[in-house]
Amino acid sequence: MTSVDMRTPGELADAERWTAHNYHPLPVVITEAEGAWVTDVDGRRYLDFLAGYSALNFGHRHPGLIAAAHAQLDRVTLTSRAFVHDQFADFCHGLAELCGKDLVLPMNTGAEAVETAIKVVRKWGYQVKGVPDGQAEIIVAADNFHGRTTTIISFSTDPDARNDFGPYTPGFVTVPYGNLAALADAFTPNTVAVLMEPIQGEAGVLVPPEGYLGGVRELCDANHALFVADEIQSGLGRTGRTFAIEHEDVVPDIYVLGKALGGGIVPVSAVAANKDVLGVLKPGEHGSTFGGNPLACAVGTEVVRLLATGEFQKRSAELGDRLHAGLNALVGRGVLAVRGRGLWAGVDIDPALMTGREACERLAERGVLAKDTHGSTIRLAPPLVVTAEELDHAVAQLAAIL
């Protein structure tokens with residue numbers, strides 16, 4: 001195929017012309033996908049090592065998930081929560097059991113689920129803890145990423161996410177991630193919750209010091225506050241466990257879930273907690289037209305079934321060891337550091353060689369798709385269906401560009 005025959009340049013130009021520039025995508029236009037592979041409009045195949053920021057944990061077009069979606073499309077796709085549909089109870093029941101919680105509140109996007117958790121912990125603080133009205137405080141971590149709504153960016157420390165979007169929502173206290181002493185000092189009688197990612201994804205796949213999450217749990221208990229774990233990226237098998245927080249045997253009061261919960265087919269998110277927490281909500285106080293719709297529940301139920309077998313958690317743990325061994329062998333050979341757990345890695349490229357963006361562009365030229373963050377860091381998060389040979393191939397391409 002000659003350059004004149006290629007469709008990619010024209011497709012990119014049209015996208016640039018007709019869309020707001022809130023993303024800076026790599027120059028790849030995908031038209032088909034299966035498993036860990038995608039194909040562009042010119043027929044070139046790539047290994048997908050981003051997996052939709054972990055929304056595609058089960059790979060592109062997983063047969064069981066596609067079958068569940070097709071079957072539901074022929075029956076009913078939307079009723080709104082004004083009525084009950086026959087997929088709703090199965091999804092909520094299955095997800096509640098997977099999380100070890102009493103109740104589930106389904107939403108659509110991860111940001112919606114985080115907003116839901118914020119509202120729940122504030123109401124819990126007023127009705128259960130007795131915090132004076134309007135004085136609830138939530139402790140968060142610096143370098144967090146929980147979404148891009150106006151409330152959520154109010155407690156972001158990323159200038160790109162925050163600047164020029166004020167005025168900002170009050171009620172949040174920011175502490176350094178991984179610092180228990182700073183966290184302990186931040187508690188007040190008005191603290192209703194600590195909201196944190198067990199592993200910070202957007203920040204570069206930052207794993208907290210050993211014992212940190214357990215320390216957070218203890219401080220929350222000592223101060224009668226709730227521990228909210230944002231497992232939107234880190235959960236549902238990504239790190240070798242169902243939830244990343246399980247690596248420290250910690251149980252949060254609230255799980256915030258999304259991304260992989262929709263199987264890469266539909267946006268599905270949820271908050272899971274016990275009755276003494278989620279029970280503070282009453283009819284009319286929170287909701288969503290599309291939250292918990294029949295199509296989303298049918299796909300989400302199949303996602304829960306896949307995770308209930310433990311197969312994907314095991315694959316992530318075993319193949320994750322292989323991925324990290326390969327990446328760590330590159331330290332000192334153009335890589336400064338590697339972090340992560342399971343099939344999730346943050347790789348710091350030597351900035352003297354190239355930026356993270358340049359590294360991702362060069363990887364794409366060699367048929368591997370990844371995403372940069374914060375200068376010279378790239379993130380690798382292949383679907384959990386990736387093979388050992390595909391992992392080795394991707395690491396070899398990284399070694400080659402270095």
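The values are calculated or read from the model by the stated rules, or taken from the named source; none is laboratory data. Here the structure is a predicted model, which is why all the values come from computation and not from measurement. Reconstructed Cβ throughout: ideal geometry from the backbone, glycine too, with neighbour counts over all protein chains shown.
For the reader, a short list of remarks on this structure follows.
- Scan of region 344-396 for residues that are free of Cβ contacts under 8 Å to residues at least 60 places away in the same chain, crowded, with 20+ Cβ neighbours inside 10 Å and touching a Gly at 6+ places or on another chain (Cβ under 7 Å), ordered by number: Ile349, Gly356, Asp372, Ser376, Ile378
- Residue ID - surrounded by the most Cβ atoms within 10 Å (Cβ to Cβ), chosen from residues in region 102-146 that are in a loop (DSSP other than H, G, I, E, B) and acidic (Asp, Glu): Asp143
- Boolean, Pro189 is assigned by TED's automatic domain parsing to the domain that holds Val128, in contact (Cβ under 8 Å) with a residue 24 or more places away in the chain, assigned to a loop (DSSP other than H, G, I, E, B) and under 20 Å from the mean Cα position of the chain (by Cα): no
- Subset of region 159-184 (residues that are surrounded by fewer than 15 Cβ atoms within 10 Å (Cβ to Cβ) and in contact with a strand residue (DSSP E or B) (Cβ under 8 Å, 6 or more places away or on another chain)): Pro176
- Flag for Ala36 being over 20 Å from Leu257 (Cα atoms), at pLDDT 95 or above, small (Gly, Ala, Ser) and crowded, with 20+ Cβ neighbours inside 10 Å: yes
- Residues that are closer than 21 Å to Leu26 by Cβ, surrounded by fewer than 21 Cβ atoms within 10 Å (Cβ to Cβ) and at pLDDT 95 or above occur at least once in region 326-334.
- Filter pass, Ala325 being closer than 17 Å to Val205 by Cβ, among the hydrophobic types (A, V, I, L, M, F, W, C) and assigned to a helix (DSSP H, G or I): yes
- For the residues Ala96, Ala13, Ala20, Ala67, the requirement of being surrounded by 18 or more Cβ atoms within 10 Å (Cβ to Cβ) and at pLDDT 95 or above singles out Ala96.
- Inspection of region 215-223 identifies at least one residue that is charged (D, E, K, R), outside any loop (DSSP other than H, G, I, E, B), surrounded by fewer than 22 Cβ atoms within 10 Å (Cβ to Cβ) and touching a residue at least 24 places away in the same chain (Cβ under 8 Å).
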